[in-house]
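J.: A single structure is presented below for examination.
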Amino acid sequence: MKDFNIVIAGVGGQGILTLGYIISKTAMDQGFDVRMAEVHGLSQRYGAIVCHIRFGKKIFSPLVMCGKADLVIGLEPLEGLRNAYYGSKKTVFLLDNYPIIPVSVYLFNKKYPKLEEIGEDLKPFSKKVIFVNASKKAKELAGNVIAANIYMVGAAVSKRLLPLRKDLVFKNIKGVIKPKYYEVNEKVFNAAFEV
Amino acid sequence: MVRELLSPEVGKKLILLGNEAIVRGSLEAGVRFVSTYPGTPASEIGDRFAVIAKEAGIYFEYSTNEKVAMEAAAGASFAGLKSLVAMKHFGINVASDSLLPIAYVGTRGGMVVIVADDPSGWSSAQSEQDSRYYPRMGHIPLLEPSNPQECKEVTKFAFELSKQFEIPVIIRTTTRVAHTRSPVTFGQITKIDGKGRFIKDLERYNTLPPNVIALHEKIVEKNEKIRDFFEQSELNFIVNKKKSKFGIITSGVSFNYVVDALDELGIKIPVLKLTTTHPLPRKKIIDFLKLLKSVLIVEELEPVLEKDIKVIAQEEKLKIEIRGKNLVPRAGELTPEKVLLAISKFLNKKPSFNFDLHLKKFKRVDVSRRFPVMCPGCPYRPAFYAVKEAAGEEVVLGGDIGCYMLGIFPPANAADFILNMGAGEGVIHGINKASDQKTIAFIGDSTFFHAGIPALMNMVFNKSNPLVIILDNLTTAMTGHQPHPGTGITGIGEKTRTIVIEDMVKACGANVKVVDPYNIQEMISAVKESLKSKETSVIVARRECRLLFLRKAKKADIKLNKFQINPKRCNKCGICLERFGCPAIYKDEKGFYINEELCNGCGVCSQICPSKAIEVKK
Ligand code: SF4
Ligand code: SF4
């Protein structure tokens, strides 16, 4: 396999680094070399966050080159769009369809785009744009949206957008959460395979 | 998970941050003493030691600032222990006053200084400082790893080097090294017991002239020996070694971008990867340059290597074209595509990918900025709101470094400048003296201990009357909730004496009032009152960081109130959203709402709403 490049975009507080860690750890468990570039500090306070993951036989740069992403995971649709340029005609965008409106929209009287507009704008940067109900499902099954990241990785695996094994991914999910949350996370994770 | 860093299992592979790999490397080198002041992108080094130090039998502290941390680590090294001190780039500015003489007199036990630069300012304001100038100013060896595994190896090497040459060694990382995660293979941990001992030796530790001149000569000599040592080091290596018209010299994270760019272009030219970047392995560089007609230096930020290499080439009278910052951008962090473009231009090749065209495909919808915001329930928001209500728009507001930097964004607009730690007070004093304007300086609790006390004393001493508002949220919030002298707890969780901020302020001779910023009316009157004062006055706006409070509440199973907007009472004035701006509040065509998931139950919005429309949700 050639290098696999992922960009995960979202809003500070959505569990992007946890999601990134689960993917990176699984990639390592499957024998790949991995680099994951994280962002810490101020932007974790509800700012725009991007995390890069690259895995393959031997990896150097921790950052994905513009236009070279295989998969862009948007935990928030506008953040997916913000990172459009990592995509090209072979990229799949997997986006949670649950908007989190940035305050600047209210302060400067802007409009938050419709999901169709986001999908349309992503066309020149993608092979396919897939919207999923991650936050909604997480809310329904776990009582809050926090577990949406778990749904997203489930969706990426079930749709074969991520060359990682389901059992190993779940093993690594368990590695980062407290035992009392295993069950509900398993529910959310499995829900992504049911659709 | 953090405790896995202590695993005795040689050959174990974990996915670690560059910072965590530095922690592991220090353990393998036998570190005994660690000090730091929290600063991203270096903070995880201290945070991991805070968790494992006791079990590892290591001394660890969060010091009050980087200068003190540097001195503490030097003291431990003078007493014969291996010591580590970690800081972000600006920390070394604060600590440099100590660092230079420490290097002159030399260390004993081995002392490693970690400095993490932050090109593009992912977690910093202030400047895009390139800390590679410090080693050059202070005659201090410098090592620059490119990835987490190298972070670990280089740390071990640095301790040996420091011990052997009796000089502190700087390891400089950047965000994309410190905050990159990748598999790291473990080696053997070195355990050393017993106390250190300071051996008196005035000839060595006396920096008074004329001894200082002798020390200067000695450190220059030491540097030449270290240069020879670096010539042999396998940490510097050549990829694609052969005679070629073109070649590249690079270091740190940029090396990775160079490898990928050449791969992308399908070209093999020689690349010299330097890890020991001061003093430079001169012979190695000369031999490399002799293979080439033209060389490109790929480095982030300033042309540091470029200038040094130009000097070497000139001294050796080499006929070679040296390019660097005329092709590689100087401002902003490097990215794979920036490096690809620079190398393409250097080689006169068309890149396989047209980035400009690619970006042009994007335009139609407006992607509104998403700047970070203070959390729902953050005590800073009401403090800023109260200041605006009490003092209006005319007053000059000095900002400072911490979560409250976010006050610079609308709707708070609570800073007219933000420079560096403590500068809110320091600069506002100058403005106060130079003008007739009303002046307010904000400073956080941890920052007050770090750099605020001398500036406050200066105000009192020199009779100026700004209002200083100490935003005391009882933690060092922005870098990850580390304790500080006002918290009564040390870095390893032991109880200690609390240094009470208002006592400190009184001792400095200023008037002081302690107010809970959740009480908006009280906060507004305190500000109004204090602004009238002819002397330096201080308000300590004290309320625990909401994130910290939530964590405690969760542990103790305390249920928080959630607030809601009663649509019957709301007259849609918009104050709660557009002036106060709690991120839990939103609106649509029909009205104003509170997102229950985001509301952290502080209740301040209900005090602010003029229509009394915000109430506890039952
Ligand atoms: S401040 Fe009160 S009245 Fe004004 S919009 Fe908010 S809830 Fe409605
Ligand atoms: S009570 Fe009001 S101000 Fe406090 S967090 Fe909830 S919505 Fe925000």
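J.: Rg (Å, one decimal) plus Dmax (Å, integer) for the alpha carbons of segment A:83-194?
T.: 15.8, 46
J.: Quick check: convex hull over the Cα atoms of segment B:90-199, volume per residue in Å³, rounded to an integer?
T.: It comes to 122 Å³ per residue, whole-number rounded.
J.: Express the C-alpha Rg of segment B:412-556 as a ratio against the empirical globular expectation 2.2 N^0.38 Å, rounded to two decimals.
T.: 1.06
J.: Starting from segment B:125-206, pick out the trypsin sites (Lys or Arg not before Pro) whose DSSP state is loop and whose Cβ has at most 10 other Cβ atoms within 10 Å.
T.: Sparse-neighbourhood loop trypsin sites (Lys or Arg not before Pro): B:Lys195, B:Arg197, B:Lys200.
J.: In addition: Past the 22 Å Cα-Cα mark, which pairs from A:Lys180/B:Lys559; A:Lys2/A:Lys187; B:Lys438/B:Lys534; B:Lys163/B:Lys191?
T.: Pairs exceeding 22 Å: A:Lys2/A:Lys187.
J.: Right, something else. Work out the mean other chain Cβ neighbour count within 10 Å for the residues of A:74-82 and drop it here as an integer.
T.: Taking all residues of A:74-82 together, the mean is 2.
J.: Also, I was wondering about something else. Using a Förster distance of 45 angstrom, determine the FRET efficiency expected from the C-beta separation of B:Ser525 and A:Glu120, and round it to 0.05.
T.: 0.25
J.: May I pose another question? What residues of segment B:440-484 lie in the reach of a label at B:Lys433, counting those whose backbone N is under 13 Å from a point 7 Å from the Cα along Cα→Cβ?
T.: Zone members listed by number: B:455-466.
J.: Multiplying the sequence separation of B:Tyr133 and B:Val500 by 0.36 nm and subtracting their Cα-Cα distance, what value in nm do you get?
T.: Once the chain is fully extended between B:Tyr133 and B:Val500, it gains 128.3 nm.
J.: Round to the nearest 0.05 the FRET efficiency obtained for B:Glu203 and B:Lys317 when R0 = 41 Å and r is the Cβ-Cβ distance.
T.: 0.50
J.: May I pose another question? Using mean Cβ contacts within 10 Å as the protection proxy, how do B:602-612, B:109-119 order, highest first?
T.: Highest-to-lowest ranking by the protection proxy: B:109-119, B:602-612.
J.: With +1 assigned to the C-beta of every Lys and Arg and -1 to the C-beta of every Asp and Glu, and no other charges, what is the dipole magnitude of the protein assembly as shown about the Cα centre in debye, to the nearest 20?
T.: In total the dipole reaches around 2000 debye.
J.: Right, next: For segment A:31-128, what does the convex hull of the Cα positions come to per residue, in cubic angstrom?
T.: Given the Cα convex hull of segment A:31-128, per-residue volume reads 115 Å³.
J.: Based only on the alpha carbon positions, what is the Kirkwood hydrodynamic radius of segment B:256-342, in angstrom?
T.: Mean inverse Cα-Cα distance, inverted, gives 13.6 Å.
J.: Rounded to a whole number of µm²/s, how large is the Stokes-Einstein D of chain B at 37 °C and 0.692 mPa s, given Rh as the Kirkwood radius over C-alpha pairs?
T.: Calculated translational D: 123 µm²/s.
J.: Once you've got the Cα coordinates, tell me which of A:Lys25/A:Lys127; B:Lys82/B:Lys506; A:Lys171/B:Lys618; B:Lys88/B:Lys345 are over 31 Å apart.
T.: Flagged as over cut-off: B:Lys82/B:Lys506; A:Lys171/B:Lys618; B:Lys88/B:Lys345.
J.: Ok, one more. Dipole of segment A:4-191, Cα-centred, from +1 at each Lys and Arg C-beta and -1 at each Asp and Glu C-beta, to the nearest 20 debye?
T.: Dipole size: approximately 360 debye.
J.: Still on this structure, I have one more. Which lysines does B:Lys317 reach when only Cα atoms under 21 Å apart count, and residues fewer than 8 places away in its own chain are ignored?
T.: Answer for B:Lys317, where 21 Å is the Cα cut-off: B:Lys243, B:Lys245, B:Lys283, B:Lys284, B:Lys290, B:Lys293, B:Lys307, listed by chain and number.
J.: Quick check: pseudo-label points 7 Å beyond the Cα along Cα→Cβ at B:Gln564 and B:Glu160, how many nm apart are they?
T.: Rounded to a tenth, the inter-label distance reads 6.7 nm.
J.: Using every pair of alpha-carbon atoms in segment A:4-191, split the distances into 10 Å bins beginning at 0 and state the percent of pairs per bin, rounded to integers.
T.: 10, 38, 39, 12, 1
J.: Enter the angle in degrees (range 0 to 90, nearest 10) between the Cα long axis of helix B:211-231 and the first principal axis of the Cα atoms of chain B, meaning the one along which they spread out most.
T.: 70
J.: Something else: Taking B:Lys495 as the anchor, which lysines have their alpha carbon closer than 17 Å to its alpha carbon, excluding any fewer than eight residues away along the same chain?
T.: Leaving aside lysines fewer than 8 places away in the same chain, those within reach of B:Lys495 are B:Lys54.
J.: What do you get for GluC sites (Glu not before Pro) in segment B:166-238 restricted to DSSP loop and a cutoff of at most 11 other Cβ within 10 Å of the site's Cβ?
T.: Taking segment B:166-238 and a limit of 11 other Cβ atoms within 10 Å, the loop GluC sites (Glu not before Pro) found are B:Glu234.
J.: Using θ = phi - 60° and the Karplus curve 6.51 cos²θ - 1.76 cosθ + 1.60, what whole-Hz ³J(HN,Hα) does each residue of segment B:382-396 get, with Gly and Pro shown as x?
T.: Running phi through 6.51 cos²θ - 1.76 cosθ + 1.60 with θ = phi - 60° gives x, 5, 5, 4, 5, 4, 5, 5, 7, 10, x, 8, 6, 4, 8 Hz.
J.: Using DSSP, restrict attention to beta bridges with both residues in chain B and report what percent are antiparallel, rounded to the nearest 5.
T.: Here the antiparallel bridges make up roughly 25 percent for chain B.
J.: Could you give the angle, 0 to 90 degrees to the nearest 10, between helix B:18-29's Cα long axis and the longest principal axis of the Cα atoms of chain B?
T.: Orientation of helix B:18-29: about 60 degrees from the principal axis.
J.: Across the residues of A:32-38, average count of Cβ atoms on other protein chains within 10 Å?
T.: Partner-chain Cβ atoms within 10 Å, mean over residues of A:32-38: 6.
J.: A further question follows. Chain pair A, B: how much accessible area is buried, both chains summed, with a 1.4 Å probe, in Å² to 100?
T.: Counting protein atoms only, the buried area is about 5500 Å².
J.: Okay, next question. As an exercise, use a Förster radius of 35 Å and the Cβ-Cβ distance of B:Lys290 and B:Val220 to find the FRET efficiency, rounded to the nearest 0.05.
T.: Approximately 0.85, to the nearest 0.05.
J.: Could you sort A:50-59, A:171-180, B:381-390, B:335-344 so that the peptide with the highest average Cβ count within 10 Å comes first and the rest follow in order?
T.: Top to bottom by mean Cβ count within 10 Å: B:381-390, B:335-344, A:50-59, A:171-180.
J.: Something else now. Find the relative contact order for segment B:1-66 and round it to a whole percent, using C-alpha pairs within less than 8 Å whose residues are 6+ positions apart.
T.: Value for segment B:1-66: 37 percent.
J.: Continuing with this model, one more query. Tell me which residues come under 5 Å, amide H to amide H, from A:Val132 once H is placed; ignore anything under 5 positions away on its chain.
T.: A:Leu95, A:Asp96, A:Asn97
J.: A further question on this structure: With each pseudo-label sitting 7 Å past Cα toward Cβ, what's the B:Ala331-B:Phe237 distance in nm, one decimal?
T.: Roughly 3.8 nm, to one decimal.
J.: Using a 1.4 angstrom probe on the protein heavy atoms only, could you order B:Met523, A:Met28 from most to least accessible area?
T.: A:Met28, B:Met523
J.: Would you mind estimating how fast segment B:340-427 diffuses translationally, via Stokes-Einstein at 4 °C and 1.567 mPa s with the Kirkwood radius over Cα pairs, in µm²/s?
T.: Calculated translational D: 77 µm²/s.
J.: If the cut-off is a Cα-Cα distance under 16 Å, which lysines reach B:Lys612, setting aside same-chain residues fewer than 8 apart in sequence?
T.: Qualifying lysines at Cα under 16 Å: B:Lys562, B:Lys568, B:Lys572.
J.: Sticking with this one: Per residue of segment B:168-183, in order, report the coupling 6.51 cos²θ - 1.76 cosθ + 1.60 (Karplus, θ = phi - 60°) as ³J(HN,Hα) in whole Hz, putting x for Gly and Pro.
T.: x, 10, 9, 10, 10, 10, 10, 3, 7, 9, 4, 10, 9, 10, 7, x
J.: Now, a different point. To the nearest 10 degrees, how steep is helix B:336-347 against the longest Cα principal axis of chain B, on a 0 to 90 scale?
T.: 40
J.: For the protein assembly as shown, what does the alpha-carbon gyration tensor say about shape, rounded, prolate or oblate, given a ≥ b ≥ c as the root eigenvalues, a/c under 1.5 as rounded, and a/b over b/c as prolate?
T.: oblate
J.: Here is a follow-up. So what is the relative contact order of segment A:4-191, in percent, for Cα pairs below 8 Å that sit 6 or more residues apart?
T.: Rounded, it is 21 percent for segment A:4-191.
J.: Sticking with this structure for a sec: Volume per residue, Å³, of the convex hull around the alpha-carbon atoms of segment B:209-254?
T.: 134
J.: Relative to the compact globular guide of 2.2 N^0.38 Å, what is the alpha carbon radius of gyration of segment B:253-300, as a ratio?
T.: Against the empirical 2.2 N^0.38 Å value, I get 1.21 for segment B:253-300.
J.: Can you pull the semi-axes for segment B:160-209, root of five times each eigenvalue of the Cα gyration tensor, sorted largest first, whole Å?
T.: Listed largest to smallest, the semi-axes of segment B:160-209 are 33, 20, 9 Å.
The values are calculated or read from the model by the stated rules, or taken from the named source; none is laboratory data. All values reported here derive from a predicted model rather than from experimental measurement. Note: ideal-geometry Cβ built from the backbone for every residue, glycine included; neighbour counts use all protein chains shown. For accessibility, only protein heavy atoms count, side chains too; no ligands or nucleic acids. Shrake-Rupley method; radii C 1.70, N 1.55, O 1.52, S 1.80 Å.
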